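Beneath this line is the structure, given in structure tokens, with notes to follow.
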Amino acid sequence: MTGKPTVLPLPDSDLLFFERVDLGRDRDRLLQQLVDETDWQQENITLFGRTRPQPRLIAWYGDPGASYTYSGMRHDPRPWTALLLDLRRRVESMAGSPFNSVLLNYYRGPRDSMGLHADDEPELGPEPVIASLSFGEQRKLYFRHRTRRDLATFNLPLPSGSLLIMRGATQQHWKHGLRKLSRPCGPRVNLTFRQILDT
Ligand SMILES: O=C(O)CCC(=O)C(=O)O
Ligand SMILES: [Mn+2]
């Protein structure tokens with residue numbers, strides 16, 4: 001059974017956290033299935049004029065037309081698989097919000113990571129609801145306020161089977177990221193369900 005969500009105590013945010021959600025099947029099998037069946041892509045990232053492979057693999061799935069522009073490139077989604085449709089339906093009912101796309105991130109080991117960013121692309125609208133489902137290795141998402149230096153960095157461990165819902169003005173005030181680790185760790189897959197507007 002999915003328990004009650006916790007409201008995370010971060011000023012200028014609206015964050016709901018389910019420590020463990022009921023997905024109707026085993027989390028380890030879901031991780032393996034997502035690793036095996038997803039059409040993973042290796043994208044590049046350009047920072048300070050240097051281009052290198054992103055330190056993770058990604059994949060986009062969604063409704064036709066729910067395309068997304070980042071790093072100046074338009075990405076068209078792959079059609080939903082049966083598994084992703086099933087996860088979407090469950091996540092929509094827990095978040096109380098519809099989603100027309102999902103970004104999957106595959107962190108293969110300790111050196112895979114995501115830089116500090118906000119999900120504030122114009123196609124998500126000013127107050128997006130983003131539902132983030134994690135499987136595999138527990139890693140910490142860290143949050144940093146964009147302007148208030150008096151607020152400490154907030155670290156949120158994301159266990160396998162947890163669901164974090166980011167809503168309201170969260171993206172306007174906070175950035176988040178996932179650091180590399182200096183110890184060995186297993187694989188992790190994260191899915192962020194999103195609603196792309198004006199498709
Ligand atoms: O892997 C995570 O938990 C974070 C993913 C994320 O922030 C994103 O896909 O925008
Ligand atoms: Mn994000």
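Taken together, the values in this text are just the output of simple stated rules run on the coordinates, not laboratory data. Computed from a predicted structure; not experimentally measured. All Cβ positions, even for glycine, are placed from backbone atoms using ideal geometry, and neighbour counts span all protein chains on display.
Within the range 99-117, none of the residues are on the phi < 0 side of the Ramachandran plot, of a type in the set (Asp, Glu), within 16 Å of the chain's Cα centre (by Cα) and part of a helix (DSSP H, G or I).
In the range 176-191, the residues that are closer than 15 Å to residue 35 by Cβ never reach a residue that is of a type in the set (Asp, Glu) and loosely packed, with under 14 Cβ neighbours inside 10 Å with C-beta atoms less than 8 angstrom apart, at least six apart or across chains.
Please verify whether residue 168 is in contact (Cβ under 8 Å) with a residue 60 or more places away in the chain, more than 10 Å from ligand 2 (Cβ to nearest atom) and in contact with a helix residue (DSSP H, G or I) (Cβ under 9 Å, 6 or more places away or on another chain), treating the condition exactly as stated. For residue 168, the condition - in contact (Cβ under 8 Å) with a residue 60 or more places away in the chain, more than 10 Å from ligand 2 (Cβ to nearest atom) and in contact with a helix residue (DSSP H, G or I) (Cβ under 9 Å, 6 or more places away or on another chain) - is not met. For the range 96-121, the set of residues classified as within 23 Å of residue 65 (Cα to Cα) and more than 15 Å from ligand 2 (Cβ to nearest atom) consists of 96, 97, 98, 100, listed by residue number. Just to verify a result, which residue in the range 127-167, among those that are in a loop (DSSP other than H, G, I, E, B) and basic (Lys, Arg), is nearest to ligand 1 (Cβ to nearest atom)? Only one residue tops the list, namely 146.
When residue 180 is tested against (1) surrounded by fewer than 17 Cβ atoms within 10 Å (Cβ to Cβ); (2) in contact with a Lys or Arg (Cβ under 6 Å, 6 or more places away or on another chain); (3) not acidic (Asp, Glu); (4) not in a loop (DSSP other than H, G, I, E, B), exactly one condition is not met: (4). Of all positions in the range 51-69, at least one carries a residue that is out of contact with any helix residue (DSSP H, G or I) (no Cβ under 8 Å at 6 or more places or on another chain) and of a type in the set (Phe, Trp, Tyr).
Tell me whether the range 81-93 contains one or more residues that are loosely packed, with under 11 Cβ neighbours inside 10 Å, farther than 18 Å from residue 194 by Cβ and without any contact (Cβ under 8 Å) to a residue 60 or more places away in the chain. Yes.
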